[in-house]
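Asker: Handing you this structure, nothing more for now.
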Amino acid sequence: MKALIAALALAVVFPLSSSAQSASLPAPPDDTSAFEDRHPAGLFSAIVTAHGQEMIMGPARSFQIMPVKPSETFSTDVPEIFVVFQLHQHDSEFKVYGRWIVEKGEGASPNHVLGTDAMILTIEDESGYVSLERPPSGWPVGDYKVQIFIGTGSMDMDPIGALRFKVLPVQTAS
């Protein structure tokens, strides 16, 4: 009789608890597929790839970083590629990370990581940038993306999205 009661209790409790747990489990932290193909949003009011950046005095007498020659195409001889962004108001210090990847390029393996950069932003900051200098072997002609992450340290990085651009031979890029 005790065995029958124990079996009934197990049959009732385990299916209920396992279905309740599966509905409330969060997505694995390594699953960034939802962020891979979308333009970065949320914290950013604007974000672009550009040939450069410049600091100007803003309307509130604070410095703002503005893109110079925004573009989605770059030539193989460009010395550095920038991601320049404007921020919505925020109430804590954090870092913005950029990871440059050659998705498909001449002489580069698919999804080859070229490099990373990060910028610390304080509460007062309204804008910023990350950049990558031309590799010693040059920019491979092809399709690129810059994955954007935010966080408070290298072990605390949340994916925000990706910006895509192309590197073209010198005569066809803008």
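Bear in mind these aren't lab numbers, they're just calculated from the coordinates by the rules spelled out. Being a predicted model, the structure only gives us computed values, none of them experimental. Methodologically, a virtual Cβ is constructed for each residue, glycine included, from the backbone with ideal geometry; neighbour enumeration extends over all protein chains shown.
Asker: From the C-alpha gyration tensor of segment 46-134, pull out the three semi-axes of the equivalent ellipsoid (sqrt of 5λ each), sorted largest to smallest, in whole Å.
Answerer: For segment 46-134, the semi-axes come out at 27, 15, 9 Å.
Asker: Still on this structure, I have one more. Pairs of alpha-carbon atoms within less than 8 angstrom and 6+ residues apart define the contacts here; what relative contact order does segment 38-174 have, in percent?
Answerer: For segment 38-174, the relative contact order is 29 percent.
Asker: Between Asp77 and Arg134, what is the spin-label point distance in nm, taking each point 7 Å from the Cα along the Cα→C-beta axis?
Answerer: Using points 7 Å along Cα→Cβ, the separation is 0.8 nm.
Asker: Please give the Cα centre distance for segment 41-106 versus segment 124-174, rounded to the nearest Å.
Answerer: Using only Cα atoms, the two centres lie 9 Å from each other.
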